[in-house]
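Dropping the structure in here first, questions after.
The values are calculated or read from the model by the stated rules, or taken from the named source; none is laboratory data. Keep in mind that what you see is a predicted model, and the values were worked out from it rather than measured. Quick reminder, even Gly has a Cβ in these numbers, built from the backbone with ideal geometry, and neighbours come from all protein chains shown.
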Amino acid sequence: MMDRFPKGFDPVQHGLLRTLYGDFVPLLESIRVRAGWYGIVDEMFARLGRLRNRRDFRVLSVATRGAGNLVVETKGNASDVPDIIHEAHEAAYRTCEHCGQPSRLVVKVGLEALLSSPDIELGDRLLCVDCADEFMTEIGL
Ligand SMILES: [Zn+2]
């Protein structure tokens, strides 16, 4: 079975962010988080986009590293950026990577998952109870 929640936004979602926040938003391939965090990333860009003195500030990439860990790579400086990114990071720790609901569980996706789902991306995921049940059934854990 395919991984129904691959990292990365769909091009339509990404295009919308680009329309709203311009090239402040990194390239599609530089956003490597799952769909459930779209709201967090959208909110983060909305807040960053309202900053003054952000001329040399850029977001280079947005990624998930390990379950619930949002990593935002930036270049340049603007006041209040650290707070905004910190709050996005904190929100990610409480948010299901698949659906955006409050998260409860870390599902470990090890090599054994490849037996039933060869296309699954390995690595732990932070999920809500419903998504965790569904996902573990899907990948045969
Ligand atoms: Zn969920």
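Of the residues H98, H86, which is within 19 Å of G36 (Cα to Cα) and without any contact (Cβ under 8 Å) to a residue 12 or more places away in the chain?
Numbers: H98 fails: without any contact (Cβ under 8 Å) to a residue 12 or more places away in the chain.
Going through H98, H86 in turn, just one is within 19 Å of G36 (Cα to Cα) and without any contact (Cβ under 8 Å) to a residue 12 or more places away in the chain: H86.
If you don't mind, another one. Right, R94: modelled with pLDDT under 90, surrounded by fewer than 17 Cβ atoms within 10 Å (Cβ to Cβ) and within 16 Å of the ligand (Cβ to nearest atom) or not?
no
Still on this structure, I have one more. So for the stretch 21-30 (the condition being outside any loop (DSSP other than H, G, I, E, B), without any contact (Cβ under 8 Å) to a residue 24 or more places away in the chain and under 29 Å from R104 (Cα atoms)), does at least one residue qualify?
yes
If you don't mind, there's one more thing I want to ask. Can you go through T74, T64 and tell me which one is over 29 Å from D133 (Cα atoms) and surrounded by 17 or more Cβ atoms within 10 Å (Cβ to Cβ)?
Step by step, each of T74, T64 is checked, and only T74 is over 29 Å from D133 (Cα atoms) and surrounded by 17 or more Cβ atoms within 10 Å (Cβ to Cβ).
So which residues in the stretch 97-124 are at pLDDT 95 or above and either touching a Lys or Arg at 6+ places or on another chain (Cβ under 8 Å) or not polar (S, T, N, Q) (or both)? Spell out the reasoning first.
Applying the first criterion (at pLDDT 95 or above) to the stretch 97-124 yields 97-102.
Hits for the stretch 97-124 are E97, H98, C99, G100, P102.
Of everything in the stretch 97-141 that's of a type in the set (V, I, T) and assigned to a loop (DSSP other than H, G, I, E, B), which residue is surrounded by the fewest Cβ atoms within 10 Å (Cβ to Cβ)?
Across the stretch 97-141, the extreme among qualifying residues is I139.
Based on this model, can you work out whether S79 counts as hydroxyl-bearing (S, T, Y) and either over 19 Å from M44 (Cβ atoms) or more than 16 Å from the ligand (Cβ to nearest atom) (or both)? Can you show your working first?
Details: hydroxyl-bearing (S, T, Y): yes; either over 19 Å from M44 (Cβ atoms) or more than 16 Å from the ligand (Cβ to nearest atom) (or both): yes.
When the stated conditions are applied, S79 passes them.
Taking the stretch 1-15, which residues are out of contact with any Gly (no Cβ under 8 Å at 6 or more places or on another chain) and surrounded by 15 or more Cβ atoms within 10 Å (Cβ to Cβ)?
Of everything in the stretch 1-15, those that are out of contact with any Gly (no Cβ under 8 Å at 6 or more places or on another chain) and surrounded by 15 or more Cβ atoms within 10 Å (Cβ to Cβ) turn out to be D3, K7, G8, F9, Q13, H14.
Looking at (1) in contact with an Asp or Glu (Cβ under 7 Å, 6 or more places away or on another chain); (2) of a type in the set (G, A, S); (3) part of a loop (DSSP other than H, G, I, E, B), can you tell me which one S79 breaks?
Result: S79 passes all but (1).
If you scan the stretch 97-136, which residues turn out to be more than 10 Å from the ligand (Cβ to nearest atom) and either touching a helix residue (DSSP H, G or I) at 6+ places or on another chain (Cβ under 6 Å) or under 24 Å from M44 (Cβ atoms) (or both)?
Looking only at the stretch 97-136, we keep the residues that are more than 10 Å from the ligand (Cβ to nearest atom), and these are 106-124, 136.
The answer is V106, V107, I120, E121, G123, D124.
Okay, next question. Assuming K7 fulfils every condition listed in (1) assigned to a helix (DSSP H, G or I); (2) under 10 Å from the mean Cα position of the chain (by Cα); (3) among the charged types (D, E, K, R) apart from one, which condition is it?
Among (1) assigned to a helix (DSSP H, G or I); (2) under 10 Å from the mean Cα position of the chain (by Cα); (3) among the charged types (D, E, K, R), K7 violates only (1).
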